[in-house]
Amino acid sequence: MNMRTHQLRCIGTGARISPDQAPSDFRDPETRELYEIEYPWSETAETNGEPRNLPNGAALRHLWAERRDSTLAIDQSGVWRYRELLPILQDDTHAVTLREGNTPLYDLPRCADNLGLDFLLAKHQGMNPTGSFKDTGMTAALSVAAERGFQWVACASTGNTSAAMAAYAARAGLRSIVFIPEGKIAWGKLSQSLDYGALTIQLKTDFDGCVRILAELVKRHPIYLLNSVNPYRLEGQKTPAIEMVEQLDWQIPDHVIVPGGNLANGSALGKGFGEMKHLGLIDRVPKISVIQAQGANPLFQWFTNDHAELDPVVADTRATAIRIGNPASWRKAARIIEQTNGWCEQVSESEIALAKAQIGAEGIGCEPASAVTLAGLKKLVKMGHVQKGERAVLLLTGHTLKDPEYTIDFHRGELAQDLPEAANYRRPPLTLEADPDVVLRTLDAEIKKAQTV
Ligand SMILES: *Cc1c(COP(=O)(O)O)cnc(C)c1O
């Protein structure tokens with residue numbers, strides 16, 4: 001069997017289609033369920049009694065490590081370096097790459113201390129080329145679009161998907177169309193999509209409304225859909241799981257904690273860990289927990305109320321990246337939480353703001369949606385789901401410069417007013433006379449203040 005053949009498998013019915021049969025909206029026409037990419041070596045693949053030809057785990061580890069010294073673009077990419085686990089292109093030289101991935105795994109000693117944990121790690125996906133984890137998925141799916149000869153690509157976005165898509169489309173010489181909810185996008189993100197030359201359309205609706213319009217559009221025009229219903233996005237987004245374990249010298253964390261918006265990211269990481277286990281690269285998988293903002297919490301409601309189906313909500317949160325009420329990948333994420341024994345939690349707007357400041361105070365920073373991970377971890381620790389000696393990794397999904405307005409609002413005292421602890425983190429800018437005595441007096445007062453706390 002050709003190692004490159006892959007299929008799209010419907011997550012609802014298990015029915016398989018070939019890549020060129022994929023519907024333009026990436027949903028099964030009858031059940032409306034999503035697809036996932038299946039390889040001949042996947043756990044779900046049918047073997048018809050033939051021996052399963054699994055890639056060799058030990059050889060892969062060696063190969064991937066060796067590629068770190070390579071000068072080839074696809075080897076320098078922290079996604080395509082692992083291309084044996086995502087053989088989705090006919091020819092790997094077609095990969096459109098900005099050297100995504102390769103993101104740092106930081107420790108957060110003060111946050112760990114606060115929580116009574118021995119250690120705490122953060123995989124900072126905001127350190128990708130356009131400042132969010134979306135790059136890891138976009139390099140994969142956009143490369144597929146380019147290889148198949150599409151001229152136009154499109155997405156509905158709360159901001160980061162559009163930034164990533166616009167950048168990769170520009171690299172590949174494709175045209176891109178972005179649909180964003182009017183007025184509900186952080187400036188950093190909107191400016192990126194303009195900078196990279198996308199046709200940017202602000203629709204007078206929310207994210208879920210943008211998704212509906214776009215679904216109509218791709219049915220009528222040969223435009224390639226790059227929302228995370230596109231299963232190739234998840235193939236790229238699973239690679240941070242591999243990179244993380246590599247960075248831990250192949251030790252497996254106990255918990256991986258991700259923000260939940262459209263719910264593709266947690267699903268993708270789960271797929272990555274699952275495939276590594278299946279191939280013998282690791283011997284167990286971490287618990288994967290998803291944290292949502294209280295104002296955009298449909299998965300949390302599903303999780304706590306034990307519903308069979310997910311009830312969409314009208315989403316509202318200042319963490320714009322996760323302001324999604326009807327998440328497309330909820331079934332995939334639900335399956336990963338169940339399979340890995342993870343949890344789903346919700347956190348308030350104030351809890352998000354405080355957690356973001358605490359991550360900033362470590363010299364790291366992130367955008368508000370990423371900070372739900374730390375806020376959620378506090379709850380998981382309190383409930384005993386995460387224990388003192390266990391190793392947890394927070395997935396920081398976006399860069400702090402994506403949404404500077406939010407940060408400034410926090411330091412000016414407009415966020416988390418109900419949490420006294422937040423005062424310890426506020427550092428509003430001071431305006432002083434340009435007089436050395438005035439400055440020195442202020443500095444003295446600041447030094448005294450610092451000594452008393
Ligand atoms: C997209 C995004 C999320 C949510 O990821 P999903 O896959 O939609 O759940 C979280 N944080 C940031 C910064 C994002 O850009």
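The values are calculated or read from the model by the stated rules, or taken from the named source; none is laboratory data. The structure presented is a predicted model; accordingly, all values stated were derived computationally and were not measured. Positions of Cβ are generated from backbone atoms using ideal geometry, with glycine treated the same way; all protein chains shown enter the neighbour counts.
Worth a mention:
- Residue satisfying all of: in the range 43-79; at pLDDT below 95 and under 28 Å from Leu226 (Cα atoms); farthest from the chain's Cα centre (by Cα) among these: Ala45
- Residue count for the range 374-418, restricted to those that are away from the ligand (no atom under 16 Å from the Cβ) and part of a strand (DSSP E or B): 1
- Qualifying residue in the range 347-357 (condition: more than 18 Å from Leu117 (Cβ to Cβ), of a type outside the set (Gly, Ala, Ser) and in contact with a Cys (Cβ under 8 Å, 6 or more places away or on another chain)): yes
- Top-ranked residue of the range 358-373 - restricted to ones that are assigned to a loop (DSSP other than H, G, I, E, B) and of a type in the set (A, V, I, L, M, F, W, C), ranked as nearest to the chain's Cα centre (by Cα): Cys366
- Listed by first and then second residue, the pairs with beta-carbon distance under 8 Å, at least 6 apart or on different chains, first residue in the range 264-279 and more than 19 Å from Pro55 (Cα to Cα) and within 12 Å of the ligand (Cβ to nearest atom), second aromatic (Phe, Trp, Tyr) and outside any helix (DSSP H, G or I), are Asn265/Phe133.
- Residue satisfying condition, being modelled with pLDDT under 95 and either surrounded by fewer than 18 Cβ atoms within 10 Å (Cβ to Cβ) or among the aliphatic types (A, V, I, L, M) (or both), within set Pro109, Pro29: Pro29
- Filter result for Thr136 (among the polar types (S, T, N, Q), in contact with a strand residue (DSSP E or B) (Cβ under 6 Å, 6 or more places away or on another chain), closer than 30 Å to Lys219 by Cα and not in a loop (DSSP other than H, G, I, E, B)): no
- Restricting attention to the range 129-188 and to residues that are modelled with pLDDT under 95 and polar (S, T, N, Q), the residue that is surrounded by the fewest Cβ atoms within 10 Å (Cβ to Cβ) turns out to be Thr158.
- Subset of the range 354-393 (residues that are without any contact (Cβ under 8 Å) to a residue 12 or more places away in the chain and under 26 Å from Arg427 (Cβ atoms)): Gly363
- Failed condition for Pro253, given (1) free of Cβ contacts under 8 Å to residues at least 60 places away in the same chain; (2) away from the ligand (no atom under 13 Å from the Cβ): (1)
- Residue list for the range 80-98, filter: buried (at least 19 other Cβ atoms within 10 Å of the Cβ) and part of a helix (DSSP H, G or I): Trp80, Arg81, Tyr82, Arg83, Leu85
To keep it simple, each residue is scored yes or no on (1) within 14 Å of the ligand (Cβ to nearest atom); (2) surrounded by fewer than 23 Cβ atoms within 10 Å (Cβ to Cβ); (3) under 30 Å from Glu421 (Cα atoms); (4) at pLDDT below 95.
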| position | (1), (2), (3), (4) |
| --- | --- |
| Ile324 | yes, no, yes, yes |
| Pro327 | yes, no, no, no |
| Lys332 | yes, no, no, no |
| Arg335 | no, yes, no, no |
| Asn341 | no, yes, no, no |
| Val347 | yes, no, yes, no |
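- Evaluating Ala164 against the criteria (1) over 30 Å from Arg391 (Cα atoms); (2) more than 14 Å from the ligand (Cβ to nearest atom); (3) in a helix (DSSP H, G or I) leaves one unmet condition, (2).
- Answer residue from the range 37-74, given it is without any contact (Cβ under 8 Å) to a residue 40 or more places away in the chain and of a type in the set (D, E, K, R) and is farthest from Trp250 (Cα to Cα) among those: Glu46
- For the range 267-288, the candidate set comprises residues that are part of a helix (DSSP H, G or I) and in contact with a Ser or Thr (Cβ under 8 Å, 6 or more places away or on another chain); within that set, the residue that is surrounded by the most Cβ atoms within 10 Å (Cβ to Cβ) is Ser267.
- Residues of the range 327-341 classified as closer than 22 Å to Lys382 by Cα, over 17 Å from the mean Cα position of the chain (by Cα) and touching a residue at least 12 places away in the same chain (Cβ under 8 Å), total: 2
- Residue check for Pro55: surrounded by 15 or more Cβ atoms within 10 Å (Cβ to Cβ) and within 17 Å of Ala141 (Cβ to Cβ): no
- Hits in the range 291-316 (condition: in contact with a Pro (Cβ under 8 Å, 6 or more places away or on another chain), free of Cβ contacts under 8 Å to residues at least 60 places away in the same chain and buried (at least 24 other Cβ atoms within 10 Å of the Cβ)): Leu299
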